[in-house]
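In what follows, a structure is listed as structure tokens, so that the remarks can point back to it.
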Amino acid sequence: MNAITQISALPVLDLSRLDAAPAERAAFLDELRRTARDIGFFYLSGHGITDAEIDAVQQASRAFFALPEPEKLAVQMVHSPHFRGYNRAGQEITRGQEDWREQFDIHAERTSVPQGPGIPAWTRLQGPNQWPASLPQLREALLHWQSRLTEVALRVVRALVESLGQPADALETIYSGTPMQTMKVVRYPGIEAGRSDQGVGAHKDSGLLTLLLQDAQRGLQVETNGGWIDAAPIPGTFVVNIGELLELASNGYLKATLHRVVSPPSGADRLSVAFFLGARLDSTVPLLTLPPNLAAEATGPTSDPQNPLFREVGQNYLKGRLRSHPDVAERHFADLIATARA
């Protein structure tokens, strides 16, 4: 029986074991590799992020969602050609259905790319974030969190690559300098009568690695061969999952796993802060040359006709944004939509 059908809960991996004696470090890398292959999801402890930092980002996130609706709508995503900003519940689409969550998206704080003939369309994804004028502390809190989570995510990516028998920096060419750094601060309202319980529909993450901070309310579920299991909150940990770019780079050895969020019960809500580490938009995902014993177990990345994967990172990311946010696509990428329909 495949190991994935036997689990009832995600394992907890302690990142501090990377700094342990050689034998313990090797044992951690082996456990990390097997978990990333068999499940694609795990809890991460020993990451070095303090309780004070966790409290700060959760308080700032709650303060944002407590703003009056006009102030949140002033930074609505549809105003940004870079897919940054606020969305009300029901405005993001997963597998053709509305996700019942309100959210605030930011990326790395960078300048826009001047446009002109011959400039790839995906360069429009780079640009500044939107920030609510009445909550200046939000910018500092979220950008600090983005920086700290980038450090942790890069440690895990390097460890995963090393666990595959590669030099730890074997993928550095696709993330060094200006990696994709995306955050979603999300509030899931309690389920309403007559509405689907889809907080967010089943999907895989498109980047390299995701680190998720949860509050005390459960809702995240991970698909296994035996169905869905809860990723119940464990204080002081992140839920980590493998993204499609690592699946591509490892020829399917590492597993990007379907997951979803079920809406909280009526009268409750759920707060999560998701950080997604991706490759540079101008990069192309290479294919790692795995040792023979691992290569024999690499069966190729999953093929989904509704969500084809491209090794060209910018093209891959733009495809996903246009599908998930049709209102932004209509306003800022109408030329691409018209070309696709022609």
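The values are calculated or read from the model by the stated rules, or taken from the named source; none is laboratory data. What you are looking at is a predicted structure, and each value in this text was computed from that prediction instead of being measured. Counting neighbours? That spans all protein chains shown, and the Cβs are built from the backbone with ideal geometry, glycine included.
Assorted remarks:
- Scanning the range 125-145 for residues that are exposed (fewer than 15 other Cβ atoms within 10 Å of the Cβ) and either in contact with a Cys (Cβ under 6 Å, 6 or more places away or on another chain) or in a helix (DSSP H, G or I) (or both) yields a count of 3.
- Residue match in the range 238-253 (condition: surrounded by fewer than 19 Cβ atoms within 10 Å (Cβ to Cβ) and at pLDDT 95 or above): yes
- Of the criteria (1) closer than 21 Å to SER283 by Cβ; (2) hydroxyl-bearing (Ser, Thr, Tyr); (3) surrounded by fewer than 19 Cβ atoms within 10 Å (Cβ to Cβ), which one SER196 fails: (1)
- Selection over the range 17-39 of residues that are surrounded by 13 or more Cβ atoms within 10 Å (Cβ to Cβ), in contact with a Ser or Thr (Cβ under 8 Å, 6 or more places away or on another chain) and under 16 Å from ARG158 (Cα atoms) gives a count of 4.
- Test: residue in the range 131-141 that is more than 22 Å from GLU109 (Cβ to Cβ) and at pLDDT 95 or above: no
- Residues located in the range 176-225, provided they are in contact with a Phe, Trp or Tyr (Cβ under 8 Å, 6 or more places away or on another chain), polar (S, T, N, Q) and assigned to a strand (DSSP E or B): GLN181, THR182, GLN198, THR210, GLN221
- Unique residue being touching a Pro at 6+ places or on another chain (Cβ under 6 Å) and within 25 Å of LEU246 (Cα to Cα) when the list is ARG124, ARG148, ARG158: ARG124
- In the set (1) under 21 Å from the mean Cα position of the chain (by Cα); (2) crowded, with 17+ Cβ neighbours inside 10 Å, GLU172 fails one condition alone, (2).
- The residues on offer are TRP122, TRP100, and the sole one that is surrounded by 15 or more Cβ atoms within 10 Å (Cβ to Cβ) and not in a loop (DSSP other than H, G, I, E, B) is TRP122.
- Taken over the range 1-24, the criterion of being at pLDDT below 95 and in a helix (DSSP H, G or I) is satisfied by ALA3, ILE4, THR5, GLN6.
- Subset tally (residues that are aliphatic (A, V, I, L, M), surrounded by 22 or more Cβ atoms within 10 Å (Cβ to Cβ) and in contact with an Asp or Glu (Cβ under 7 Å, 6 or more places away or on another chain)) for the range 254-301: 2
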